[in-house]
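Values quoted throughout were computed directly from the atomic coordinates according to the rules given, and no laboratory measurement underlies them. A quick note: this is a predicted structure, and the numbers were derived from the prediction, not measured. So basically every Cβ, Gly included, is an ideal-geometry build from the backbone, and we count neighbours across all protein chains shown.
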Amino acid sequence: MNVNQVDLETVCGVTSILPVNTQPEFAFAGKSNVGKSSLINSLMNRKSFARTSSQPGKTQTINFYHINDKLYFVDLPGYGYAKVSAELKAKWGKMIEKYLRTSTQLKVIFLLIDIRHEPSANDKDMYEWIVHNGFEPVIIATKLDKINRSQRDKHIKMVRTGLCAGANTKIMPFSSLSKEGRDDIWRCIEQYLEVPETVSEL
Ligand SMILES: Nc1nc2c(ncn2[C@@H]2O[C@H](COP(=O)(O)OP(=O)(O)OP(=O)(O)O)[C@@H](O)[C@H]2O)c(=O)[nH]1
Ligand SMILES: [Mg+2]
């Protein structure tokens, strides 16, 4: 998709009321620093529209990016960020869960996992939550540029095994540096935008 319009339409903190959108939403979940905001920038073809940082805990609100007046990317705060109070962490967790549970437009929850590391207990919990709540999980293995090409298959297998994901679970490798994998992720998103053909009356 050619992205020609991007608006940060809604920003939700822990006390905000979540928006009721009427167009498809695609959410990006994963631990802090895994590359959610960087991926969103790559998909939007913007360098730093979504704010990123080498320090974990950059995104602290749920940010709704309206793309081409057609769909939304939902940038979520990361989990597992140690430097905020347990109370705030719990509030974020509740806010994220409330959004994921109540959105009527959410088509896919992309779960981002750093391709270099074994999924954590939090990653596994998130994966299970996604499946348990009736979503088809799509994994994005980030920071692909950080491993050798010869190590790719091994690391993708490690991610799959670590999440106890079945062979049918899609795992898409991606690098926000080289943009490798970007087109595959867009294709995946576009599949969920396609309107089913109406059966013509005979
Ligand atoms: N080498 C490399 N670095 C990346 C990649 N994606 C993200 N980064 C870096 O990782 C750091 C974190 O990226 P963010 O996009 O801010 O991560 P996030 O998941 O949004 O983090 P929170 O908002 O804290 O939850 C930044 O320094 C990025 O430049 C990638 O594919 N390759
Ligand atoms: Mg972020």
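At-a-glance table
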| read-out | value |
| --- | --- |
| Scaled radius of gyration (Cα, divided by 2.2 N^0.38 Å) that segment 103-202 gives | 1.23 |
| Full-extension gain in nm, V3 to S178, via 0.36 nm per residue minus C-alpha separation | 61.1 nm |
| Highest to lowest packing among 110-120, 7-17, scored as the average C-beta count within 10 Å | 110-120, 7-17 |
| For L106, distant residues with modelled amide H under 5 Å away | E25 |
| Per-residue HN-Hα couplings for segment 23-34 [Karplus 6.51, -1.76, 1.60; θ = phi - 60°; Hz; x = Gly/Pro] | 10, x, 10, 10, 9, 10, 10, x, 5, 4, 6, 6 |
| Relative contact order (%) - criterion: Cα under 8 Å, at least six apart; region: segment 40-101 | 23 percent |
| Per-peptide average of other Cβ atoms within 10 Å, ordering 19-29, 84-94 highest first | 19-29, 84-94 |
| Karplus (6.51, -1.76, 1.60) ³J(HN,Hα), θ = phi - 60°, over segment 71-85, in Hz, Gly and Pro reported as x | 8, 10, 9, 10, 8, 9, x, x, 9, x, 8, 7, 7, 10, 5 |
| Helix-only CD estimate at 222 nm, as mean residue ellipticity for the chain, using -39500 (n - 2.57) per DSSP H run (n ≥ 4) | -9500 deg cm²/dmol |
| Rounded, prolate or oblate (a/c below 1.5 giving rounded, otherwise prolate when a/b exceeds b/c) for segment 1-101 by Cα gyration tensor | oblate |
| Sum of side-chain charges, T161 neighbourhood, beta-carbon under 13 Å (Lys, Arg +1; Asp, Glu -1) | +1 |
| Beta bridges per DSSP with both ends in segment 6-190, % antiparallel, nearest 5 | 35 percent |
| Cα gyration tensor, the chain - rounded (a/c under 1.5), prolate or oblate | rounded |
